[in-house]
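Peer 1: So that we are looking at the same thing, I have put the structure below in structure tokens.
Quick note: the coordinates plus some simple rules give every number you see, no bench work behind them. All values derive from a computational prediction rather than experimental measurement. Reconstructed Cβ throughout: ideal geometry from the backbone, glycine too, with neighbour counts over all protein chains shown.
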Amino acid sequence: MIGAATAFEAPAGSALLPGVVPEGHLQKATALSTGVFQVAMICGPALGGFAYALSPSAPYVMMAGFWIVGGLLNGAIKLAREVAVRDPPSFRTLFAGVGFVRSNPNILGTISLDLFAVLLGGATALLPIYARDILQTGPWGLGLMRAAPAVGALLTTIVLTRWSIQRRVGMRMFQAVIVFGLATTVFAVSQWLWLSVAALAVLGAADTVSVVIRFSLVQLATPDAMRGRVGAVNYLFINTSNQLGQFESGVTAALFGTVPAVLIGGLGTVTIALLWMKLFPTLRKMERLE
């Protein structure tokens, strides 16, 4: 039930953002939204730990309360402009998002790049093995590595909220994915905890740059009436890549070993970015988010 609810909530929430943000500020708003999410990723587990110390059921009661408050706040949102009423729902309109994505090379390239990059770059799934067997550290070291991507992402969102990317946004997106893959490669071969934490922080920072550009590009290139359905396709790709990426990391680690698995993932991410630059030249040459 939680998964089904999220499948509706995530695309609807993302479709609301362009309707409440002043024109020309979507990129900064996306960075701010991503930063708030990273704060929650960092503070949420700690808050849950304190709540669990009071009672095992307390974290779940707290989560339910936060969801209710979030729903009420979403319900209070007033759109700055009206959206035209769509045609009655049908099977054709239900799958119109898939058709729109396929017919738009920039959106198709953006969404598919995220799918394959995250599919190959799922190094975080193997952090417990790195902490115990490779870096010879305890729970505190694992905690540092878990938090490092979120910290790097949060610092990056602070910068992007103040200074948005104005030129060569397509190239910047590909460059961010390449840095993501290179940081994953450094983490794969690192034998020092400090270097591993730094690589994970860079990984999180690069991923945030890519996320902000991808999200803004998809939202701006999609008509109002299609944003929810295109968002549903986008989140299908995101959720699929996250889950299958962790599965891929586990399978390759079992077959080839932990370090080769992460190394393959990092180099594969770089390869995908270079290949997509060739397959989607208009996306690579995109100058501005308009």
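Peer 1: Mind ordering 55-68, 23-36, 259-272 by average Cβ neighbours within 10 Å, highest first?
Peer 2: Numbers: 55-68: 12.4, 23-36: 18.4, 259-272: 21.2.
Top of the packing list down: 259-272, 23-36, 55-68.
Peer 1: Next question. Roughly how many debye, to the nearest 20, is the charge dipole of the chain about its Cα centre, given +1 on each Lys and Arg Cβ, -1 on each Asp and Glu Cβ, and no other charges?
Peer 2: Values: 19 positive and 11 negative charges, 121 e Å.
Charge dipole of the chain: 580 debye, to the nearest 20.
Peer 1: What does the net charge come to around L120 if you take all other residues with beta carbon closer than 14 Å to its beta carbon, with K and R at +1 and D and E at -1?
Peer 2: Numbers: positive: none; negative: D114, D207, E248.
My count for the surroundings of L120 gives -3.
Peer 1: May I ask you to derive the relative contact order of the chain, considering only C-alpha pairs under 8 Å and at least 6 residues apart, and to give it as an integer percent? Kindly include the intermediate steps, with their values, before the conclusion.
Peer 2: On the way: 355 pairs, mean separation 96.5, N = 290.
Here the relative contact order equals 33 percent.
Peer 1: Once the mean 1/r over all distinct Cα pairs of the stretch 1-82 is inverted, what Kirkwood radius in angstroms do you read off?
Peer 2: Numbers: mean 1/r = 0.0676 Å⁻¹.
Computed over the stretch 1-82, the radius equals 14.8 Å.
Peer 1: For a footprinting-style exposure proxy, rank D207, D133 by other Cβ within 10 Å, fewest first. Don't skip to the end; give the middle numbers.
Peer 2: Numbers: D207 24, D133 11.
Ascending Cβ contact count within 10 Å gives the list D133, D207.
Peer 1: With the alpha-carbon atoms as the only input, what is the per residue convex hull volume for the chain in Å³?
Peer 2: Spread over its residues, the Cα hull of the chain gives 148 Å³ apiece.
Peer 1: Residue by residue through the stretch 107-112, which ³J(HN,Hα) values in whole Hz follow from phi under the Karplus form 6.51 cos²θ - 1.76 cosθ + 1.60 (θ = phi - 60°), with glycine and proline marked x?
Peer 2: Per residue, the Karplus-derived 3J(HN,Hα) values read 5, 4, x, 5, 5, 5 Hz.
Peer 1: Show me the three semi-axes of the equivalent ellipsoid for the stretch 128-267, from the C-alpha gyration tensor (sqrt of 5 times each eigenvalue), largest first, rounded to whole Å.
Peer 2: Numbers: eigenvalues 180, 68, 34 Å².
Ellipsoid semi-axes (Å, largest first): 30, 18, 13.
Peer 1: Would you calculate, for the chain, the mean residue ellipticity at 222 nm contributed by helices, counting each DSSP H stretch of 4 or more residues as -39,500 (n - 2.57) and dividing by all residues, to the nearest 500?
Peer 2: Numbers: 12 runs with 223 residues, N = 290.
It lands at -26000 deg cm²/dmol.
Peer 1: Compute for the stretch 178-225: radius of gyration divided by Kirkwood radius, i.e. Rg/Rh, restricted to C-alpha atoms, rounded to two decimals.
Peer 2: Values: Rg = 15.0 Å, Rh = 12.0 Å.
Computed over Cα atoms, the ratio is 1.25.
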